[in-house]
Amino acid sequence: MAVYIDKELCKSCKICMSICPKNVFEITHHVNKKGYNYVEAAREEDCVKCGQCETSCPDFVIHVE
Ligand code: SF4
Ligand code: SF4
């Protein structure tokens with residue numbers, strides 16, 4: 001199982017954080033080229049592969065495999 005994040009596309013809207021039932025995501029202190037603090041799958045091992053983050057991200061940042 002893997003949660004892939006294209007960090008350069010993230011705009012830090014936090015929709016994924018609010019929608020994930022397993023609280024997988026965290027905002028990092030790192031800034032991408034667009035100037036946003038991007039998210040990371042900090043608790044990837046807790047992912048239940050529901051796919052909600054993938055379908056809810058407005059910028060198609062997340063891919064769950
Ligand atoms: S929903 Fe997408 S754009 Fe918004 S914080 Fe999550 S990964 Fe970034
Ligand atoms: S697939 Fe579901 S459980 Fe896994 S990170 Fe996305 S929203 Fe969270």
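Pairs linking a residue in the stretch 43-65 that is over 17 Å from Glu26 (Cβ atoms) to a residue that is charged (D, E, K, R) and near ligand 2 (Cβ under 9 Å from one of its atoms), with Cβ atoms under 6 Å and 6 or more positions apart or on different chains, are Val48/Lys22.
Only one residue in Asp46, Asp59 is over 10 Å from the mean Cα position of the chain (by Cα) and within 7 Å of ligand 1 (Cβ to nearest atom), so which one is that? Can you show your working first?
On the way: Asp46 fails: within 7 Å of ligand 1 (Cβ to nearest atom).
Going through Asp46, Asp59 in turn, just one is over 10 Å from the mean Cα position of the chain (by Cα) and within 7 Å of ligand 1 (Cβ to nearest atom): Asp59.
The set of residues in the stretch 27-42 that are in a loop (DSSP other than H, G, I, E, B), touching a Lys or Arg at 6+ places or on another chain (Cβ under 8 Å) and open to solvent by 60 Å² or more (accessible area, probe 1.4 Å) comprises Lys34, Tyr36. Annotation: of all residues in the stretch 10-42 being within 13 Å of ligand 2 (Cβ to nearest atom) and touching a residue at least 40 places away in the same chain (Cβ under 8 Å), the one that is farthest from His63 (Cα to Cα) is Ile15. For the stretch 47-62, does any single residue satisfy the condition of being more than 10 Å from ligand 2 (Cβ to nearest atom) and basic (Lys, Arg)? Looking through the stretch 47-62, none of the residues is more than 10 Å from ligand 2 (Cβ to nearest atom) and basic (Lys, Arg).
Mind counting the residues in the stretch 3-26 that are assigned to a loop (DSSP other than H, G, I, E, B) and either surrounded by 14 or more Cβ atoms within 10 Å (Cβ to Cβ) or among the basic types (Lys, Arg) (or both)? Show your work before the answer.
Of the stretch 3-26, the ones assigned to a loop (DSSP other than H, G, I, E, B) are 6, 10-14, 20-24.
Those left that are additionally either surrounded by 14 or more Cβ atoms within 10 Å (Cβ to Cβ) or among the basic types (Lys, Arg) (or both): 6, 10-14, 20, 22, 24.
Summing the residues that are assigned to a loop (DSSP other than H, G, I, E, B) and either surrounded by 14 or more Cβ atoms within 10 Å (Cβ to Cβ) or among the basic types (Lys, Arg) (or both) in the stretch 3-26 gives 9.
The values are calculated or read from the model by the stated rules, or taken from the named source; none is laboratory data. Fair warning: this is a prediction, and the values are worked out from it, not measured in the lab. Using ideal geometry, Cβ is built from the backbone for each residue, glycine included, and neighbour counts are taken over all protein chains shown. With ligands, DNA and RNA removed, areas are computed over all heavy atoms of the protein, side chains included. Shrake-Rupley method; radii C 1.70, N 1.55, O 1.52, S 1.80 Å.
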